[in-house]
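Novice: First, the structure itself, so that you have it in front of you.
The values are calculated or read from the model by the stated rules, or taken from the named source; none is laboratory data. Here the structure is a predicted model, which is why all the values come from computation and not from measurement. Note that we place each Cβ from the backbone using ideal geometry, even for glycine, and neighbour counts take in every protein chain shown.
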Amino acid sequence: MTPAISVAGVTRRYRGQLALDQVTLDLEPGSITGLLGRNGAGKTTFLRIVAGHEFASAGTVAVLGASPAGNQAVLRRMIFIREGQAYPDFRVRQVVRAASWFYPNWSHELAGALLDEFGLPLDRKVGNLSRGMRSAVGIVIGLAARAEVTLFDEPYAGLDAVSRQLFYDRLLADYAGHPRTVLLSTHLIDEAAGLFERVVVLHRGRVVLNTAADDLRGAATSVSGPAIAVAEFTAGRPVWDSRRIASQESAVVAAALDETDRARAAALHLHLEPLTLQQLVVRAAGTAAASPPEQTTAQRTSA
Amino acid sequence: MSTWIRVARYQLTGRATYAGLWVGPALIFLLNLALAVTGVGARQGAGSFLIIISFNSLVTGALSITRQLPFALALGVSRRSFYAGTALLAGAIAAVYGLGVTVLELIERATGGWGLNLHYFRVPHLLAGPWFLSWLTSFAGLALLLAWGMWFGIIYRRWNLRGLLAFIAAQALALLAVVVIIRWVHGWHGAGHFFTTLTTGGLIGLLAALAVAMLAGGYATIRRVTV
């Protein structure tokens, strides 16, 4: 099957600064992928290059089997909604109507429902809206377009928690009925974790983690309790981190635990807690920062 | 509906950009009219009309790029399609507005200068002949100015203010080079002869050729614009 997005050896330099460094990545069609990483990791540059808004210094990009740069046949099947999206001097109604002309799968019904749910004033100029409301306009367009490849770069800047949850719910509901390839860059990792089928972590322009989200869930567990019991339980297991305060210790075991392990932990009066996606991403980025660049990709991908 | 037509429709959605082209000339015309009625002002407004419509056309062309391009790219429009659709609309706007200028010029002529001997739309040597030549001249002139403005907008989008200033400086240098060359080859007489004997048809051709050159320049520049 042709990947929806295929990136090979993509590098982007800005006057001596390396924004992306040999990024290689394939994303299958019909999946929601989280693009995660710290500020300046290269997420926006990556999305801009995939969307054809920016040009790679080296490497190749294919979207739906062809290069997106200047390729109208590919671009009309994509949408890219970014944080701080610049809009023309249009009213909300005009922006949404104009967007509908460019997408054959546009859903007027979904757009209308989302406009209502976000409480967007149709006759107000987009430029006069609050930051959160402008983000909501982008979300309405990004979802109603039903583009085969949908790219969101921090689409909910300034949105309140209720509206963000609305975005997650509507994305999942519409995705179920109309599968597409969604790549979502966000810093609100745990909040959006339930959406992701795949997780890609960028750090300093490199892919340091690229794995199925299911493989990450339960991949590492925090074990806490009496130090002697923790030491007994973690003996022979890979341990990422351990912290001890007086007689209590907390350690992170980098391995999946089965029922036997859990029963043993209970017998030792240990508390088990799976690491959240955010903790795993922090770990991946932190380890990459401390490792020589040439080792990071392989190390973290196998983690 | 092709993407070019969609882009043209998208450009027209705000309307203010292209409608604004007429605001300045209309206000100055009303001012001239008021001055003519009170007998205070001069009866020749063609200079101000030419200056303001030229400036407005340049600005309109530039705004059609700087304001509209980022969101169009977000909607999956390629740079070339955006440029082609915008240029198509600029051509249509130039044709329709050129016709408007021609009609106003004919009314002005027929009413003896709006009954006040006021000559605002009739520009001697440019917009003073048969209606179809006036129309073609207006069309070619407006198309040139809109295309030139679009190129300014693209330069600004690609290289910001620094690039825009360099672009203006490069054009000034090119003009200076032409002057120096004419002076060097003692060609002032020939240049003067060329412009004084230039027919309306020749002028239309010259304006159209320059418009095509501007469009080609803009097309070459927009291919690597990033937003």
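Novice: Among A:R131, A:R124, which is the only one that is over 23 Å from A:E28 (Cβ atoms), in the same structural domain as A:L47 (by TED's automatic domain parsing), surrounded by fewer than 23 Cβ atoms within 10 Å (Cβ to Cβ) and in contact with a Gly (Cβ under 6 Å, 6 or more places away or on another chain)?
Specialist: Checking each option against the conditions leaves just A:R131.
Novice: Scan region A:65-83 and give yes if some residue there is surrounded by 21 or more Cβ atoms within 10 Å (Cβ to Cβ), within 22 Å of the chain's Cα centre (by Cα) and more than 8 Å from chain B (Cβ to nearest Cβ), otherwise no.
Specialist: yes
Novice: Any residue in region A:266-280 that is under 30 Å from A:R38 (Cβ atoms) sitting within a Cβ distance under 8 Å of a residue that is among the aromatic types (F, W, Y)? List the pairs, counting only those 6 or more apart or interchain.
Specialist: Close Cβ pairs (under 8 Å, with a partner that is among the aromatic types (F, W, Y)) amount to A:L277/A:F196.
Novice: Is there a residue in region B:128-140 that is farther than 18 Å from B:G217 by Cβ and in contact with a Phe, Trp or Tyr (Cβ under 8 Å, 6 or more places away or on another chain)?
Specialist: Within region B:128-140, one or more residues are farther than 18 Å from B:G217 by Cβ and in contact with a Phe, Trp or Tyr (Cβ under 8 Å, 6 or more places away or on another chain).
Novice: Yes or no: B:S78 crowded, with 21+ Cβ neighbours inside 10 Å, among the hydroxyl-bearing types (S, T, Y) and over 15 Å from the mean Cα position of the chain (by Cα)? Let's see the steps before the verdict.
Specialist: Values: crowded, with 21+ Cβ neighbours inside 10 Å: yes; among the hydroxyl-bearing types (S, T, Y): yes; over 15 Å from the mean Cα position of the chain (by Cα): yes.
So B:S78 passes the test.
Novice: Let me ask you something else. Can you name every residue in region A:128-145 that is in contact with a Ser or Thr (Cβ under 8 Å, 6 or more places away or on another chain) and over 20 Å from A:L183 (Cα atoms)?
Specialist: If the condition is that a residue be in contact with a Ser or Thr (Cβ under 8 Å, 6 or more places away or on another chain) and over 20 Å from A:L183 (Cα atoms), then A:G132 is the only one that fits.
Novice: Within region B:172-227, restricting attention to residues that are surrounded by 16 or more Cβ atoms within 10 Å (Cβ to Cβ) and polar (S, T, N, Q), which residue is nearest to the other protein chains (Cβ to nearest Cβ)?
Specialist: Filtering first and then ranking leaves B:T221.
Novice: Given the criteria surrounded by 17 or more Cβ atoms within 10 Å (Cβ to Cβ), touching a residue at least 24 places away in the same chain (Cβ under 8 Å) and touching an Asp or Glu at 6+ places or on another chain (Cβ under 7 Å), does A:L115 qualify?
Specialist: no
Novice: Please give the helices (runs of 4 or more DSSP H) falling wholly within region B:12-74 in which 2 or more residues are modelled with pLDDT under 85.
Specialist: In region B:12-74, the matching helices (runs of 4 or more DSSP H) lie at B:16-38, B:46-66.
Novice: I need a count of the residues in region B:15-29 that are without any contact (Cβ under 8 Å) to a residue 12 or more places away in the chain and either among the charged types (D, E, K, R) or at the interface with chain A (Cβ under 9 Å from one of its Cβ atoms) (or both).
Specialist: Counting residues in region B:15-29 that are without any contact (Cβ under 8 Å) to a residue 12 or more places away in the chain and either among the charged types (D, E, K, R) or at the interface with chain A (Cβ under 9 Å from one of its Cβ atoms) (or both) gives 2.
Novice: Considering each residue of region A:96-112, count those that are surrounded by fewer than 23 Cβ atoms within 10 Å (Cβ to Cβ) and of a type in the set (V, I, T), and give that number.
Specialist: So the answer is 0.
Novice: While we're here: In region A:6-27, which residues are closer than 22 Å to A:D215 by Cα and either touching a Lys or Arg at 6+ places or on another chain (Cβ under 8 Å) or crowded, with 24+ Cβ neighbours inside 10 Å (or both)?
Specialist: Across region A:6-27, the qualifying residues are A:V23, A:L27.
Novice: Looking for something assigned to a loop (DSSP other than H, G, I, E, B) and more than 11 Å from every other protein chain (Cβ to nearest Cβ) - is there at least one such residue anywhere in region A:163-176?
Specialist: Within region A:163-176, not a single residue is assigned to a loop (DSSP other than H, G, I, E, B) and more than 11 Å from every other protein chain (Cβ to nearest Cβ).
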